[in-house]
Amino acid sequence: MNKTLVWTFALTSLVGLVGPGLAQNQDQSIRITPSSSVETRTGTSASAQKDSSCAGFIPAQPNYEITFTEDLDRRFSVQGNPNTTLLVINSKGKKFCVQADSTSNGKAEIPGRWAKDTYRVFIGTRSQGQNPYKLTIEPVN
């Protein structure tokens, strides 16, 4: 094979591997500003690894990255089944975690004043498995 053909093949393969991942990360990034109303995302939780906090089993990578452009009052809530967990980690590594249960009908919420920062959001389960969920980030009144 000539060098041009080898480089073309290598570059095409690399773009094919990296391209979809870049598009997926863009869809998983959410920017929250003072004028933002309700942000909603749906998906399926994955349980790739055991978390040492209350989150149980979470994906290897965050489901979402949420950037607050300034300090804002917001509520993170996830609706899933009673095994659903919600883990939010700020850029300094501080964890905010809550579990859903049968009393909450599978809903887990973390309301509060969120500092200007980027947060990694993991949606997991107390036991391994995959479950559908709906994530909502909304203003707190």
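Could you count how many residues in the range 49-68 are in contact with a strand residue (DSSP E or B) (Cβ under 7 Å, 6 or more places away or on another chain) and either farther than 15 Å from Arg120 by Cα or part of a strand (DSSP E or B) (or both)?
Within the range 49-68, the subset in contact with a strand residue (DSSP E or B) (Cβ under 7 Å, 6 or more places away or on another chain) is 49-51, 53-60, 62-68.
Of the ones still in play, those that are also either farther than 15 Å from Arg120 by Cα or part of a strand (DSSP E or B) (or both) are 49-50, 54, 56-58, 64-68.
Here the count works out to 11.
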**Prompt:** Taking the range 80-110 on its own, how many of its residues are in a loop (DSSP other than H, G, I, E, B), closer than 16 Å to Leu135 by Cβ, free of Cβ contacts under 8 Å to residues at least 40 places away in the same chain and under 17 Å from the mean Cα position of the chain (by Cα)?
**Reply:** 1
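Could you tell me whether Thr4 is modelled with pLDDT under 85, loosely packed, with under 10 Cβ neighbours inside 10 Å and of a type in the set (Ser, Thr, Tyr)?
Working: modelled with pLDDT under 85: yes; loosely packed, with under 10 Cβ neighbours inside 10 Å: yes; of a type in the set (Ser, Thr, Tyr): yes.
When the stated conditions are applied, Thr4 passes them.
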**Message:** What's the number of the only condition in (1) modelled with pLDDT of 95 or more; (2) among the aliphatic types (A, V, I, L, M); (3) crowded, with 19+ Cβ neighbours inside 10 Å that Ala55 fails to meet?
**Reply:** (1)
**Asked** Here is a list of conditions, (1) in contact (Cβ under 8 Å) with a residue 40 or more places away in the chain; (2) of a type outside the set (Phe, Trp, Tyr); (3) buried (at least 20 other Cβ atoms within 10 Å of the Cβ), and Arg126 meets all of them except one; can you say which number that is?
**Response** (3)
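Out of the residues in the range 27-48 that are part of a loop (DSSP other than H, G, I, E, B) and of a type in the set (S, T, N, Q), which is modelled with the lowest pLDDT? First the steps, then the outcome.
Of all residues in the range 27-48, those part of a loop (DSSP other than H, G, I, E, B) come to 33-38, 45-48.
From the residues that got through so far, the ones that are of a type in the set (S, T, N, Q) too are 33, 35-37, 45, 47.
Values: Thr33: 96, Ser35: 95, Ser36: 94, Ser37: 92, Ser45: 86, Ser47: 78.
Among those residues, the one meeting the criterion is Ser47.
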**Asked** Has the range 67-80 got at least one residue that is modelled with pLDDT under 95, at negative phi and buried (at least 17 other Cβ atoms within 10 Å of the Cβ)?
**Response** yes
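Criterion first (surrounded by fewer than 18 Cβ atoms within 10 Å (Cβ to Cβ), within 18 Å of Thr33 (Cβ to Cβ) and in contact (Cβ under 8 Å) with a residue 12 or more places away in the chain) does Asp117 satisfy it?
Numbers: surrounded by fewer than 18 Cβ atoms within 10 Å (Cβ to Cβ): yes; within 18 Å of Thr33 (Cβ to Cβ): yes; in contact (Cβ under 8 Å) with a residue 12 or more places away in the chain: yes.
Taking the combined requirement at face value, the residue satisfies it.
The values are calculated or read from the model by the stated rules, or taken from the named source; none is laboratory data. Being a predicted model, the structure only gives us computed values, none of them experimental. Every residue, glycine among them, receives a Cβ derived from its backbone with ideal geometry; neighbour counts consider all protein chains shown.
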